[in-house]
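Presented below is the structure to which this report refers.
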Amino acid sequence: MKPFRCLLTLLLWFLSVHLFAASAEKPAQGSLPLPEKPTYVEIGVYLNNIIKIDKQVNEQPKIYLTVSLQTQWQDARIARKYATHNNPVKTVYDNDADKILNEIWTPDIVVPHAETTMKHTKLTIFPSGTVYLYREMELIIPLKLKLRLFPFDSQKINIRFIPKQWTTQDIILDENMVMTGYDKHITLAQWHVDMVFATVGTYKDPRYGLSQPSFDLVIYLKRIPSFFLFRIIVPLFFIILVACLSFLTFDEPTGTKLSRAVVFLLITVAFHSLASSFLPTISYLTFIESIILLCYLLVLAAIFQIIILHLLRFYNKSHIATRFEHRFALYAPITFVVVFIVIVLYYFLSY
């Protein structure tokens, strides 16, 4: 009888250890997705502000912005769990909200590849089990800008929100158009917010091949060319105009023409140096840089004309020099205009 009692005690001890371990490993019921069917989550993102966009000094600047992420879902398991007689609707903020969020199931929406700083959290739980979560956050997101048309470019910025760990079998995202939008008073020195809209789709994780629901906030930005009007455009136009007029001066001494051309060249170099602080530093030519390069070629053409005229007159071919000077004065500006039009068509039609 005693050996049987010892064996029974040993079996009960093993059973208690196993049950304790199993209960410790099993997650809390509130942290799991809703059973049997996917959870419908209403989602909306409101663009509060664009703080700044880095100057393009490499291939990947960053955008700094603040958004309000709003989600709402139904969880019958917590119906009336946080309700009291005096306060049937539970509303908590920031740290208190985070404590309750650690106890219940949430869609846990994040922005991949973004630096995220939480600014403000509001959590409301209704007696029916409806959960409303409001998070105001600051995002720092790497960008890939297309700057071929600078400073007449427009940019499309796509910010993707996905559940951190749930798939399409767990969650179905549904856009709430009332929660989605942007502050129309957002102001940036170089940019204008042209349009903001959202799309709901599916994102396939390349690492694991899992399909996750996604919410994309698409922002269309348009650069304001007037920001560069007196910094780049007007000075550049003045240099081109004066360089073209220099071809119309006839029968001047070679020294005077050469001095003027060198002055134009130095002005172009100085302008380019000052304008570089506003120009992006990238591996390809932008539209405005192509025009500056064309301006260099125009000034160099004037120097080339002066050298040819000097050689012709040195060898006593004044009649040829006169004819060359008049024809060059006609064809050089025309060639410049034609090349300018070709550059404009190339950049704007191929954008």
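Only the coordinates and a few stated rules stand behind these numbers; no lab work does. These numbers were taken from a predicted model, which means no experiment stands behind them. Every residue, glycine among them, receives a Cβ derived from its backbone with ideal geometry; neighbour counts consider all protein chains shown.
Note the full-extension length gain between residue 185 and residue 281 as 0.36 nm times their separation in residues minus their Cα-Cα distance, in nm to one decimal.
Numbers: separation 96, 0.36 × 96 = 34.56 nm, distance 2.98 nm.
Using 0.36 nm per residue and subtracting the Cα-Cα distance, I get 31.6 nm.
For segment 227-350, what is the convex hull volume of its Cα atoms per residue in Å³?
Value for segment 227-350: 109 Å³ per residue.
Ranking 281, 254 by Cβ neighbours within 10 Å, fewest first, what do you get?
So the residues, fewest neighbours to most, are 281, 254.
Taking the chain as the reference, fit the longest principal axis to its C-alpha atoms, fit the long axis of helix 2-25 to the helix C-alpha atoms, and give the angle between the two in degrees, 0 to 90, nearest 10.
The two axes meet at around 30 degrees.
Could you give P(r) for the chain, binned at 10 Å from zero, as whole percent values over all Cα-Cα pairs?
5, 17, 19, 15, 12, 10, 8, 6, 4, 2, 1, 1, 0, 0
Per DSSP H run of n ≥ 4, the term is -39500 (n - 2.57); total these for the chain, divide by its residue number, and report the mean residue ellipticity at 222 nm rounded to 500 deg cm²/dmol.
Calculated at 222 nm, the ellipticity per residue is -12500 deg cm²/dmol.
Anything over 29 Å Cα to Cα? Flag those among 119/144; 37/184; 119/164, in the order listed.
Those over the limit are 37/184.
So, in Å, what gap is there between the alpha-carbon centers of segment 175-223 and segment 275-351?
Centre-to-centre (Cα) distance: 44 Å.
Can you compute the charge dipole magnitude of the chain about its Cα centre, using +1 on each Lys and Arg Cβ and -1 on each Asp and Glu Cβ, nothing else charged? Give it in debye, rounded to the nearest 20.
Once rounded to the nearest 20, the dipole reads 460 debye.
Starting with the fewest neighbours, write out 341, 308 ranked by other beta-carbon atoms found within 10 Å of each beta-carbon. Before the final figure, lay out the partial values.
Numbers: 341 10, 308 15.
So the residues, fewest neighbours to most, are 341, 308.
Among 273, 214, rank each residue by its count of other Cβ atoms within 10 Å, from fewest to most, as a rough exposure measure.
Details: 273 9, 214 19.
Ordered by Cβ neighbours within 10 Å, fewest first: 273, 214.
If one takes the longest principal axis of the Cα atoms in the chain, at what angle in degrees, from 0 to 90 and to the nearest 10, does the Cα axis of helix 254-275 lie?
Long axis of 254-275 versus the principal axis of the chain: about 10 degrees.
Whole-Å semi-axes of segment 54-155's equivalent ellipsoid, largest first, each the root of 5 times a Cα gyration tensor eigenvalue?
Rounded to whole Å, the semi-axes are 40, 12, 11.
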